[in-house]
Every structure is written in structure tokens, then in C-alpha cells.
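A quick write-up on the structure given underneath.
Every number here is computed from the coordinates shown, using simple stated rules; none is lab data. Note that the coordinates shown come from a computational prediction; the quantities given were computed from them, not determined experimentally. Cβ sites come from the backbone with ideal geometry, for glycine too, and all protein chains shown count toward neighbours.
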Amino acid sequence: FFDDFSDPDSGWYIGDDGNIRWQYLNDQYRIEIYQGSWWTGAPAPRYVNGSYTLQVEVNKWGSYGPVGLMFDLADDWSEFYVFVVHPDSFFRVMHYAESQPEPWTTLAAWNPSIIANNFQLKVDRSDTQASLYLNGQFITTVTGLMPVSTKRVGVFASSFLPGYPTYMDARFDNFRLCGAANPQAEQAIGTDLSLDQSGYPMRSDHVGLMP
């Protein structure tokens, strides 16, 4: 499955709830967050079943907050992983599990180099691990993940808490997924986010799927 977002009917979520807007714009997919302390994602119009490779180009425009890939997403948004880049070039892999007292857990974090606003992220997912790449260069492999199964994948963005620059305008292009099956209708979610003093996600309240 490949999408360069030139077709606004390719199946990604489109909507605006007053806090977040999801749209196709200028042959890219855009997530625009107006308020601080919110995160959101948009699943691709495919399920994955078994091992897969996920890749996207990210263009950040006048934005401040983590942005990147979302993978192993449960249909009810109760659990997933994110591979995100923060504005200070700090990278994280995080696990979200709604059932836990602290839903956000950092699995890996590092600061390999200063990067520009435009970059490419890739996840190679198999068994209970994920190998991560930045601009085609291998970074690390995270182990101890959930075994691969029928899940969803997509893109992710978050704004920081009030007191920081809170506006997020993230653009995604050339989304590529190998190992996809079963096209599905798409939904997206926005959630009010509690943050620790460093500005990174630590817990959140699930508010349900956007209409």
C-alpha cells in the first residue's frame, strides 16, 4: 500500500472538531492541532496482519511537539506504539495502554543528531520487536513488544502543554506499508493529554472516536 496523498478520496480521516483538524492539503496529509496538551492519530486505510514495514515522510510546518508514526493500533484505540521526533531532535518510542494507571511508557529514547523539519521515518515490525530508521539510517531495535497480529498503523502528532508553543501543524507524505490487507473505513481520535514537566506524554484520558 502506497499513498502520496494526491487523491483526497484515498481513505484517510477528514474532519475538524474545533481542537484538531485532519485534512488533505497540497498533496500531503495534514494534522493541525490548535490547543495545547492534545494528541491525535490517523490510521491508514489498511489493516496489517503479521510482519510489516511502515514508512512516511514528515514535514513540520510552524509546529512544536512530537510527530511521527503510530503502529500496532487496536481498533478501540486502547493500545498502540508511537515512534516520534520531538522539536529538539529527541526521539522516543512509546507504548500507550489505556488500561494502565500511567498509560504512556517510554521504551526507548535517544538524541542522535540535529535534524531539519523534513525527515523520513521507518519501522520494520516482526515477532516481538521493531527496528527503527531515520532518513534511511538504522537507529535501534526495540524488543519485548506485543507479538504481531491484526492491527492498524498510521501517523501521529501531539501538541505540548500550555506555557510552551502549543500549535502543531504536521504534514505527512509518501506513506508506504508493506504487508497490508483488508481495506477498512477510517476514524481518528483526539485526547486531552496530561504531561510531565519535560513536556512528554505520560498519561491521557481517552475520549472516544471522533464522529
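Need the full-extension length gain, Asp75 to Thr150, defined as separation in residues times 0.36 nm minus the C-alpha distance. One decimal, nm. Before the final figure, lay out the partial values.
Working: separation 75, 0.36 × 75 = 27.00 nm, distance 0.97 nm.
Stretched out fully, the Asp75 to Thr150 stretch lengthens by 26.0 nm.
Calculate, in nm to one decimal, what Ala109 and Gln35 gain on full extension: separation in residues at 0.36 nm each, minus their alpha carbon distance. Each step should come with its number before you reach the end.
Numbers: separation 74, 0.36 × 74 = 26.64 nm, distance 2.55 nm.
Once the chain is fully extended between Ala109 and Gln35, it gains 24.1 nm.
Can you tell me the order of 36-47, 96-107 when each peptide is scored by its average per-residue count of other Cβ atoms within 10 angstrom, highest first? Intermediate results must be reported in sequence, preceding the final value.
Values: 36-47: 23.7, 96-107: 14.8.
So the order, starting with the most tightly packed, is 36-47, 96-107.
Hey, what do the phi angles of segment 148-160 turn into as Karplus ³J(HN,Hα) couplings, whole Hz, using 6.51/-1.76/1.60 and θ = phi - 60°, x for Gly and Pro?
Each residue's phi maps through the Karplus curve to give 4, 7, 6, 9, 10, 9, x, 10, 9, 8, 8, 9, 7 Hz.
What is the sum of charges around His95, taking Lys and Arg as +1, Asp and Glu as -1, for the other residues whose C-beta is under 10 Å from the C-beta of His95?
Overall, the nearby charge balance is -2.
Taking a ≥ b ≥ c as the square roots of the Cα gyration tensor eigenvalues, with a/c under 1.5 meaning rounded and otherwise prolate when a/b beats b/c, else oblate, which class fits segment 2-56?
On the way: a/c = 2.32, a/b = 1.46, b/c = 1.59.
Taking the square roots of the gyration eigenvalues as a ≥ b ≥ c, segment 2-56 is oblate.
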